[in-house]
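Engineer: Handing you this structure, nothing more for now.
The values are calculated or read from the model by the stated rules, or taken from the named source; none is laboratory data. These numbers come from a predicted model, not from an experiment. All accessible areas refer to the heavy atoms of the entire protein, side chains included, with ligands and DNA or RNA removed. Shrake-Rupley method; radii C 1.70, N 1.55, O 1.52, S 1.80 Å.
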Amino acid sequence: MSHPDEPARQRGQDALDALWPEVYQELRRLAGHYVRGERDAVTLQPTALVHEAYVRLLREANTSWVNRAHFCAIAANAMRQILVEAARARHALKRGGDHVRVTLVDDAAVSPGADPDVEALDQALDALAVLEPRQARLVELRYFGGLTIEEAAAELDIAPATAKRDWALARAWLRRRLSGADE
């Protein structure tokens with residue numbers, strides 16, 4: 001007996017399978033800089049992160065993306081959640097252990113030493129989303145999705161100049177929050 005969602009699930013898998021080869025290397029590159037700063041010997045590897053995101057997207061059978069940039073944003077959100085879950089699991093096992101490191105600079109490889117941990121970034125993004133939902137979404141699209149200002153602006157349906165202003169404001173707010181200056 002087939003499951004009632006089987007046709008939709010198959011369409012979702014087919015759509016994901018068709019798009020995946022186009023975005024795999026880009027997502028793999030993003031995953032690489034997400035986990036580059038980890039110090040733990042037991043770490044989530046970039047390939048594993050991308051594959052876990054694929055499994056989650058496949059499980060959801062989500063075909064609601066409209067273009068490559070939108071798909072990358074959805075995959076980025078999945079990778080963010082995976083990183084947060086991995087960090088929480090590690091910290092549950094090892095109190096005060098090393099944190100997964102992430103960056104908020106335009107070029108992720110520029111300053112890995114000043115990166116906040118992914119749990120702190122996730123909490124800060126949640127707090128920013130309460131105050132400025134568009135700015136939080138922009139950070140997610142740019143950082144976790146790897147989208148350019150122009151791609152993120154199109155995804156958010158705003159002008160690139162507005163996205164640039166929001167990006168600068170969001171980064172400043174997050175840096176202040178993550179440095180503890182708001183506490």
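Engineer: Would you list H51, H91 from the most to the least accessible area, probe 1.4 Å?
Structural biologist: Largest accessible area first, the residues go H51, H91.
Engineer: Rounded to a whole number, what % of the accessible area of the range 123-163 do carbon and sulfur atoms account for, probe 1.4 Å? Mind dumping the intermediate values first?
Structural biologist: Working: 920 of 1740 Å².
Here carbon and sulfur together make up 53 percent of the probe-accessible area.
Engineer: Given 0.36 nm per residue, what is the gain on full extension from R176 to E60 after removing their alpha carbon distance, in nm? Display every interim value, and only then the final one.
Structural biologist: Values: separation 116, 0.36 × 116 = 41.76 nm, distance 3.55 nm.
Result: 38.2 nm gained on full extension.
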